[in-house]
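See below for the structure under consideration.
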Amino acid sequence: MSFDSQFTHHIPVRYGEIDQQGVVFNAHYLGFIDDTFERWTHTFETDVRALGWDMMLKKLDMEWHGPAGYRDVIQFDCAITRWGGSSFEITYVATVDGRPIVTAVVLYVSVTLGENSPMQTPDEVRAAFGPAVAAPS
């Protein structure tokens, strides 16, 4: 799977995140994605929240490719794969030792901080995330 990642985050699987089958319970992937997003924004030079900007998840499309288990370290590579006026998509590719686990495309909507009303994505936020790249092939 070819993908020009803009950010990479590693998450070790803990015992409480596996199910009776011995693999990561599917609901945990959304938490992992949220953690990856947050860690990415912490690398920005611009304090995007000081701009009055926040975002909300609107849609999630996730495809499972294989299992991750206890003590595996999941690598999440992500990038902006589409910019809209007030929305954007981030594609997340999760692997363990190069083996595909999950691919997820999340559609976010930019909102006014504290009000949750849609807003145009500020140029400073776009610059912090960078330009859209091609989705994985």
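Readers should treat all values here as calculations from the given coordinates under stated rules, not as data from a laboratory. Please read all numbers here as calculations on a predicted model, not as lab measurements. Every residue, glycine among them, receives a Cβ derived from its backbone with ideal geometry; neighbour counts consider all protein chains shown.
Can you give the net charge of the other residues whose Cβ lies under 15 Å from the Cβ of His65, counting K and R as +1 and D and E as -1? Write out the running numbers ahead of the final one.
Working: positive: Arg99; negative: Asp61, Glu63, Asp72, Asp77, Asp97.
Neighbourhood net charge equals -4.
Quickly rank 80-92, 51-63 as a protection proxy: mean count of other C-beta atoms within 10 Å, highest first.
On the way: 80-92: 17.7, 51-63: 14.2.
Going by the mean number of other Cβ atoms within 10 Å, highest first, we get 80-92, 51-63.
Fewest Cβ neighbours within 10 Å first, please rank Thr95, Thr41, Thr112 accordingly.
On the way: Thr95 20, Thr41 16, Thr112 12.
Fewest to most other Cβ atoms nearby, the residues stand as Thr112, Thr41, Thr95.
Along each of the three principal axes of the Cα atoms of the range 1-55, give the extent in whole Å, ordering the values from largest to smallest.
Dimensions of the range 1-55 along the principal axes of its Cα atoms: 44, 28, 16 Å.
For Ala68, which sequence-distant residues (separation of 5 or more, or a different chain) have an amide H within less than 5 Å of its own amide H, given hydrogens modelled in the peptide plane?
Val24
For the chain, what does -39500 (n - 2.57) per DSSP helix run (n ≥ 4), summed and divided by total residues, give at 222 nm, in deg cm²/dmol to the nearest 500?
Taken over the chain, the calculation gives -4500 deg cm²/dmol.
Please work out which option in (i) 43, 31, 26; (ii) 75, 28, 20; (iii) 56, 33, 25 gives Cα extents along the principal axes in Å calculated from these coordinates, and answer with its label.
Read-out taken from this structure: (i).
Suppose a student asked you for the relative contact order of the chain, using Cα pairs under 8 Å spaced at least 6 residues apart; what percent would you report? Show your work: numbers first, answer last.
Working: 265 pairs, mean separation 42.4, N = 137.
Rounded, it is 31 percent for the chain.
In the range 1-56, what trypsin sites (Lys or Arg not before Pro) fall in a loop by DSSP, with at most 14 other Cβ atoms inside 10 Å? Could the numbers behind the result be given before it?
Values: sites: Arg14, Arg39, Arg49; in loops: Arg14.
Answer by residue number: Arg14.
Note down the net charge around Val106, summing +1 for each Lys or Arg and -1 for each Asp or Glu among other residues with Cβ under 10 Å from its Cβ. Could you put the intermediate results ahead of the total?
Working: positive: Lys58, Lys59; negative: Asp34, Asp61, Glu89.
Every neighbour counted, the sum reads -1.
What does the charge add up to near Val125, with Lys and Arg as +1, Asp and Glu as -1, over the other residues with Cβ less than 11 Å from its Cβ? List each step's numbers first, then the result.
Details: positive: Arg49, Arg126; negative: Asp47, Asp54, Asp123, Glu124.
Here the count lands on -2.
From the phi of every residue in the range 28-33, what ³J(HN,Hα) in whole Hz does the Karplus formula 6.51 cos²θ - 1.76 cosθ + 1.60 yield, where θ is phi - 60° and glycine or proline is x?
In residue order, the calculated couplings are 5, 4, 5, x, 4, 5 Hz.
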